[in-house]
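Laboratory data are not the source of any read-out in this text; all were calculated from the coordinates shown. Here the structure is a predicted model, which is why all the values come from computation and not from measurement. Using ideal geometry, Cβ is built from the backbone for each residue, glycine included, and neighbour counts are taken over all protein chains shown.
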């Protein structure tokens, strides 16, 4: 089913909420990675955005962001840069750290429930790309368009669309 421009706006407006919901799915006693959350959103490249969002999200004592680690199992950048707090919170949940690392084979969680909004945005980009037609020479080109998704802030991945019509 084709995605519409209204769908694109709705998806991008909810990315921060989607990420927050994914974070709450990591159970006590387990950890996940920035990349696993980005994959659940539908694009592993978004792992940097996930990491940046984690540093700047609304945080309270019940926030499960301490359950997020790097791909190699090392503790990530935690609130105020204090990994000892993260390690202490994980130990309280029976997750053992050894020299600042978690054994991902023992504690990893990646069974997220999500409709993969970034994949849907990529499908929209591909849908538009398939509609582009180019003639055999530049003289035949009348319309040029482009679509991309950019992570412009901690909260938003925003699609950009440009259409140039020479008529």
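Our analysis of the stretch 3-46 gives Rg over Rh at 1.06, with the two radii drawn from alpha carbon positions and Rh computed by the Kirkwood formula. Placing dummy labels 7 Å off each Cα toward the beta-carbon, the span from residue 163 to residue 21 is 3.0 nm.
Restricting attention to the chain, close to 80% of DSSP beta bridges with both partner residues there are antiparallel.
Modelled label positions at residue 14 and residue 115, each set 7 Å beyond Cα in the direction of Cβ, lie 0.4 nm from each other. With both labels modelled 7 Å from their Cα along Cα-to-Cβ, the residue 108 to residue 79 distance reads 2.8 nm. Give me the percent of Cα-Cα pairs in the chain that sit more than 24 Å apart, rounded to a whole number. Cα-Cα pairs of the chain separated by over 24 Å account for 44 percent.
Structural descriptor for the chain: relative contact order 27 percent, calculated from alpha carbon pairs under 8 angstrom and at least 6 residues apart.
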